[in-house]
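A quick write-up on the structure given underneath.
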Amino acid sequence: MIVSASTRCFSHLTFPEALGRIVDLEFSSIEIDISESGNHLRPSQVHEDLAAAVEFCRSTQRLDVSSYFVDIQAEGGEYYDQFESVCKLAKSTKVVTLSVPSSPLGTPFNEEVERFKQLVRLADAQGVRVGMVSKTGHLSEDPDTVSVICDHVKGLALTLDPSHYIYQRPNPPDVERLYKYVHHVYLRDTAKDQLQIRVGQGEVDYGKLVNLLTKHKYQRALCIQIMPDDETDHLGEIRKLRLLLESLIV
């Protein structure tokens, strides 16, 4: 396992500025945010000029790219066209993992299954793996739904964010059965009433998480995703979690 940082941690900065902060924090690996509403690289840009996007993602100040977070706002055929371009970007930059949000609650189950089947088909053609991201308020908030979708869609993985199985949960569900699907992980510390809290003051059991991942032979990234907070030392919290995770995987 390796510890990486998402450029989403610094979505308020330009991409070069975000890279500078991550380098200063002594990371060797990053996840790049590819979001239409983001400040770094947009899916529409990737689709419009793939060569420029490849060059963009290779300009990382010697940081390895472990994964891409992909949030596409286009609809219909354009949605899949943009995703296919991102898959080609991943192949060109030798990145295997694409993390994609699941749909909001209320989305028909069969519609979600068909969407992920199409995404997996496009990704497979480029040698890339799709991970459905755990998120409160989305279909992936329910572990049973995650299991059924992953079982229905051959090749679909899970990007596990344990915070979303703690936040707003009076009785957090047992998600150990989901670890067999995990291909990527997002981390911060979390309380039942607050999605992001100071590292060490929340309920994420990092030791148990690493042990379960090891049990399932997980050998990919633990990606830190801590957003800026006026009440905390943002850089200090990221550094603290990096050191904690590295001490657990040595």
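The values are calculated or read from the model by the stated rules, or taken from the named source; none is laboratory data. Worth saying up front: this structure is predicted, and the values here are computed from it rather than measured. Here Cβ is always computed from backbone atoms with ideal geometry, including for glycine, and neighbour counts include all displayed protein chains. For accessibility, only protein heavy atoms count, side chains too; no ligands or nucleic acids. Shrake-Rupley method; radii C 1.70, N 1.55, O 1.52, S 1.80 Å.
Using a Cα-Cα cut-off of under 17 Å, which lysines could be cross-linked to Lys117, ignoring same-chain neighbours fewer than 8 residues away?
Hits, sequence-local ones excluded: Lys154.
Keeping the other protein chains in place, figure out the carbon and sulfur percent of the accessible area of the range 1-76, with a 1.4 Å probe.
42
Before anything else, pin down the relative contact order of the chain: Cα pairs under 8 Å, at least 6 apart, normalised by residue count, whole percent.
Relative contact order of the chain: 18 percent.
Mind putting a number on the dipole of the chain about its Cα centre? Charges go on the C-beta only, +1 for Lys and Arg and -1 for Asp and Glu, and I need it in Debye to the nearest 20.
The calculated dipole for the chain is roughly 980 debye.
Would you mind getting the accessible area per residue of the chain, heavy atoms of the protein chains only, 1.4 Å probe, in Å²?
46
Within the range 142-242, what percent of beta bridges assigned by DSSP are antiparallel, to the nearest 5? Mind showing how you got there, number by number?
Values: 2 of 8 bridges.
Beta bridges within the range 142-242, antiparallel portion: roughly 25 percent.
Any idea what Rg and Dmax come out to for the chain if you just take the C-alpha atoms, in Å?
Cα radius of gyration and Dmax of the chain are 17.1, 48 Å respectively.
Rounded to the nearest angstrom and ordered from largest down, what semi-axes does the equivalent ellipsoid of the range 59-157 get from its C-alpha gyration tensor (root of 5λ)?
Equivalent-ellipsoid dimensions as semi-axes: 23, 15, 13 Å.
Leaving out ligands, DNA and RNA, and with a 1.4 Å probe, what % of the accessible surface on the range 133-237 is carbon or sulfur?
Within the range 133-237, the accessible surface is 45 percent carbon and sulfur.
Could you pull out the longest piece of the chain with no exposed loop trypsin sites (Lys or Arg not before Pro) in it, calling a site exposed if DSSP puts it outside H, G, I, E, B and it has at most 11 other Cβ atoms within 10 Å? Let's see the in-between values first.
On the way: sites that count: Arg62, Lys94, Lys154, Lys217.
Counting only loop sites that pass the neighbour cut-off, the longest clear stretch is 155-216.
May I ask you to list the aspartates and glutamates whose Cα is less than 17 Å away from that of Lys94, ignoring any residue fewer than eight positions away on the same chain?
Straight-distance partners of Lys94: Glu31, Asp33, Glu55, Asp64, Glu84, Asp124.
Who wins for biggest fluctuation among Ile197, Ile226, Ile32 in a Gaussian network model of the chain, springs between alpha carbons below 10 Å?
Ranking Ile197, Ile226, Ile32 by mean-square fluctuation puts Ile197 first.
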